[in-house]
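As structure tokens, the structure follows; a few thoughts come after it.
Each reported figure results from applying straightforward, stated rules to the coordinates on display, with no laboratory input. Quick caveat, the model's predicted, so the values are computed rather than measured. Here Cβ is always computed from backbone atoms with ideal geometry, including for glycine, and neighbour counts include all displayed protein chains.
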Amino acid sequence: MASSNSNNIIILGSGSTGGFLAEELSSENNVILIDKDINKINQIKSKNKLDIMTISGDAADLNLFEEIDLKTINFFIACTNDDKLNLLTAMYFEKIPGIQTLIVLKNNKYKDYPGKLGFPEIKTFYQGDIVSEKIMNLFETPYSWETEKIADSRILFLKIKIDEMSPLIGKSLYSLNKDGVNKWKFLAVTEDTLNHKLNFVKPDGPATRLKRDDIALVVIANEFETEFEETYFSNKDSELKNIFIVGGSYIASNVAKRLLRRKCNVKLIVTDKARARELSEELSGVEIILGEPTNEDLLVDHGVGVDCDYFLALTDDDEINVLSALLSNKLKAKNSLVVYSKSEYQNVINSIGAEREINTKYSISGEINSYIMRKNYSHETIVDEDTKIFEFEAQEDLNIEGISSNISLAFVIRNNELKDLVCDPEKGIAKKGDYVICVTLNSEAEKDLESKILK
């Protein structure tokens, strides 16, 4: 339920990003969700039992907004699938005093338009750049299933899958954390590895030991990442050189460019002949292949197999990404990554054995949510629907883990310098002025934490 200090927020577009944002923001704010598809917005509202206002109509007709008291609005977020509509409505709202406008753009040719059109104050979130950065983070930590740079890149948050050859098998989280005091910390592990839905729980004393197929949540002070890798993974991971990319999207081309700078051998498959020609001119060092990414013979002919270090499924189609990654696993590619937007695909991706996955919805929504709530906490990173990383400055002494059994305190930073990083402050209590990094493991824990820090 929104409080008296809540923001009044208009969200235009009820697709995967807009619907998820409505759910995320409505617990602490007053949200108006607008879409021309009345069935879609009613489904979002009823499915998640959201206390929000909904309006059905075409936002290209600016008269639609006349039924709203715009003087009370704090934020306008345009996240439809139509970049031009997002720009049009954002420019309209930017002229209204007191409203901060945010837009989500899919096509990279529009990302500089707000400034070019005289609206530099519009805050732009371009998923191509955000997702590309997340993909490249994985190449810095090849042993990790997912990597987030948090606390201004001073800390790494990792999701590590324990495979059958992992040197971590059988080790207790207690001993791992004891060895890594002030360097790294294992925060949580999956509760049931047979259930492909990720459900993280805090380690229960010295008895909690890592086993095959576990997924562990780990934080590492950036300066100790090399030591962590050499201690636990130096014999496992080889240099990543041979990369196969599926998709002709901006994300695919951007990642290909950055991999070329890392001296990788990159191949990229696209289905559209015109796009293939464009990419051939744009990416001179990349082998461009015209064909279907689910054609097994084509993949085999171009090296998808035991010599393929990484298979990246980066099309705009979730189903093609999942199917092509499944095929790459069948062909024994060493690593695979799937980019997707629909939450229901997460369990499928986990079940087919894809080592890494990035959800565009979570990536964009986390950045927007953090921007809107930045006065209350510095940043929020969405790991999945249940798991989130919070960063904030403690306004008073706080027993973080005493707030909920499903909150795990990672680090606190004192005096805002990495050398003062501590894993376990005395009695687990963050002092006033500490920069706190903690992880909530379910929605109830998230609400409990927010009740303490959103004052």
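Structure above, values below:
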quantity: Shape call, region 274-368: gyration tensor on alpha carbons, a/c limit 1.5; calculated: oblate
quantity: Mean separation of Cα contacts under 8 Å, 6 or more apart, over the residue count of region 8-121: relative contact order %; calculated: 24
quantity: Listed residue (Val189, Leu156, Pro167) projecting farthest to the positive dipole end of region 142-232, Cβ model; calculated: Val189
quantity: Size of charge dipole - the chain - debye, nearest 20, with Cβ of Lys, Arg +1 and Asp, Glu -1, no other charges; calculated: 480
quantity: Gap separating the Cα centres of region 129-191 and region 263-284, nearest whole Å; calculated: 32
quantity: Lysines with Cα under 16 Å of Lys267, excluding same-chain neighbours fewer than 8 positions away; calculated: Lys241, Lys257, Lys334
quantity: Amide H contacts of His379 (H built 1.01 Å from N, under 5 Å, at least 5 apart or other chain); calculated: Glu391
quantity: Ratio Rg/Rh [Cα only; Rh per Kirkwood] for region 125-218; calculated: 1.00
quantity: Calculated log₁₀ intensity ratio I(q)/I(0) where the Debye formula runs over C-alpha points of the chain, q = 0.05, 0.08, 0.14 Å⁻¹; calculated: -0.19, -0.49, -1.42
quantity: Euclidean distance of C-alpha centroids, region 1-69 and region 425-443, integer Å; calculated: 32
quantity: Which listed pairs, of Lys149/Lys178; Lys45/Lys134; Lys123/Lys185, have C-alpha distances above 32 Å, in listed order; calculated: Lys123/Lys185
quantity: Region 52-190 - Kirkwood radius from inverse mean 1/r over Cα pairs (Å); calculated: 18.9
quantity: The chain: calculated mean residue ellipticity at 222 nm from DSSP helix runs of at least 4, using -39500 (n - 2.57); calculated: -9000 deg cm²/dmol
quantity: Unit charges at the beta carbon, dipole of the chain: most positive-side option, Pro425, Leu290, Ser144; calculated: Pro425
quantity: Rh (Kirkwood; distinct C-alpha pairs) - region 363-453, Å; calculated: 13.1
quantity: At most 15 other Cβ within 10 Å, DSSP loop - trypsin sites (Lys or Arg not before Pro), region 250-306; calculated: Arg262, Lys263
quantity: Prolate/oblate/rounded label for region 1-81 (Cα gyration tensor, a/c 1.5); calculated: oblate
quantity: Net dipole in debye of region 363-453 [+1 Lys, Arg Cβ; -1 Asp, Glu Cβ; about Cα centre; nearest 20]; calculated: 300
quantity: Vicinal HN-Hα couplings computed from phi for region 131-148 (Karplus, 6.51 cos²θ - 1.76 cosθ + 1.60; Hz; Gly/Pro x); calculated: 6, 4, 5, 5, 5, 5, 4, 5, 6, 7, 10, x, 7, 9, 7, 8, 10, 10
quantity: Full-extension gain in nm, Lys49 to Glu282, via 0.36 nm per residue minus C-alpha separation; calculated: 79.2 nm
quantity: About the Cα centre, charge dipole magnitude for region 142-232 (Lys/Arg +1, Asp/Glu -1 at Cβ), debye; calculated: 280
quantity: Calculated from backbone phi, Karplus (6.51, -1.76, 1.60) coupling profile of region 381-390 in Hz, x at Gly/Pro; calculated: 10, 8, 7, 7, 4, 9, 9, 9, 9, 10
quantity: Coil-residue GluC sites (Glu not before Pro) of region 239-295, DSSP, other Cβ within 10 Å capped at 16; calculated: Glu239
